[in-house]
Amino acid sequence: MEKEMNCIKKYFAEMIGTMVLVLFGCGVAVYTGASVVATSLAFGLSIVAMSFCIGNVSGAHLNPAVSFALLLAKRMTFKDFIGYFAAQMIGAVEACLVLMLFFGRNHNYGANQIQEAITGHYNLGGALVVGLVAEIILTCVFVLAVLGVTSKTENKGFIGIVIGLSLTLVHLLGIGLTGTSVNPARSLMPAFFAGGEALREVWIFIVGPMVGAAIAALIYCCLDNTKKHELSEDYR
């Protein structure tokens with residue numbers, strides 16, 4: 001019974017954390033017209049805040065790509081991955097409902113789309129491919145940072161700061177390219193609520209992050225000579 005209650009707590013924490021991430025990240029993007037600095041900081045600071053709030057409960061993944069990488073690195077079970085994935089999606093839906101309340105129905109809710117920096121140089125097919133590659137690279141860098149900083153207990157005090165800054169970093173470049181996803185939950189639900197072009201392109205922001213996460217897990221496992229993860233169960 002205690003084990004089941006711990007699982008429920010982890011999934012609930014992931015739901016709340018993802019809701020906060022999507023609400024503040026996408027909310028600032030809507031409010032500021034996707035200001036690069038403001039939006040980057042909103043996503044990064046949301047991760048910092050939630051890592052310190054719920055990191056000791058669920059690890060504060062807040063992202064199916066992060067959970068997928070940890071699954072591939074054998075640092076979480078498949079059962080927990082499914083639970084985390086469902087909780088993250090529910091949290092993203094809740095965030096979009098709040099954004100609809102705040103801004104009404106005539107907004108894109110911060111949905112990702114390929115930006116003019118790419119579309120201005122390629123035809124439609126080429127732009128989609130370049131956008132996909134951008135998401136793979138951005139996610140790989142971000143998830144690799146997550147895997148690295150969470151691999152040792154001595155990093156525990158500043159895990160949230162490193163991950164938050166890493167997310168801010170990839171946003172600073174990615175916003176001008178794809179709006180920056182690196183997180184299927186953050187992209188799928190805003191696209192579903194926005195519809196139109198955002199929904200037609202959303203596959204890029206699901207496939208790209210998951211592929212990028214898999215590559216990051218592969219790189220991490222190749223570089224991890226110890227094959228022993230020192231991190232406590234709270235952060236796995």
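The values are calculated or read from the model by the stated rules, or taken from the named source; none is laboratory data. The structure displayed is predicted, hence computed values, not measured ones. Cβ sites come from the backbone with ideal geometry, for glycine too, and all protein chains shown count toward neighbours.
For the range 118-134, a residue qualifies if it is within 19 Å of Val36 (Cα to Cα) and touching a helix residue (DSSP H, G or I) at 6+ places or on another chain (Cβ under 6 Å), and the qualifying residues are Ile118, Thr119, Gly131. So, Phe43, is that one surrounded by fewer than 20 Cβ atoms within 10 Å (Cβ to Cβ), under 19 Å from the mean Cα position of the chain (by Cα), at negative phi and not polar (S, T, N, Q) or not? Here the answer is no, as Phe43 does not meet what is asked. Which of the numbered conditions does Ile82 fail, given that it passes all the others? Conditions: (1) under 16 Å from Asn183 (Cα atoms); (2) touching a Ser or Thr at 6+ places or on another chain (Cβ under 7 Å); (3) of a type outside the set (D, E, K, R); (4) free of Cβ contacts under 8 Å to residues at least 12 places away in the same chain. Among (1) under 16 Å from Asn183 (Cα atoms); (2) touching a Ser or Thr at 6+ places or on another chain (Cβ under 7 Å); (3) of a type outside the set (D, E, K, R); (4) free of Cβ contacts under 8 Å to residues at least 12 places away in the same chain, the lone unmet condition for Ile82 is (2). Screening the range 93-117 for residues that are touching a Leu at 6+ places or on another chain (Cβ under 6 Å) and crowded, with 20+ Cβ neighbours inside 10 Å and picking the one that is nearest to Ala34 (Cα to Cα) gives Tyr109.
Screening Lys74 against (1) at pLDDT below 95; (2) among the charged types (D, E, K, R); (3) closer than 17 Å to Ser187 by Cβ leaves a single unmet condition, (3). Looking only at the range 132-154, which residues are at pLDDT below 95 and under 14 Å from Asp224 (Cβ atoms)? Of everything in the range 132-154, those that are at pLDDT below 95 and under 14 Å from Asp224 (Cβ atoms) turn out to be Gly148, Val149, Thr150, Ser151, Lys152.
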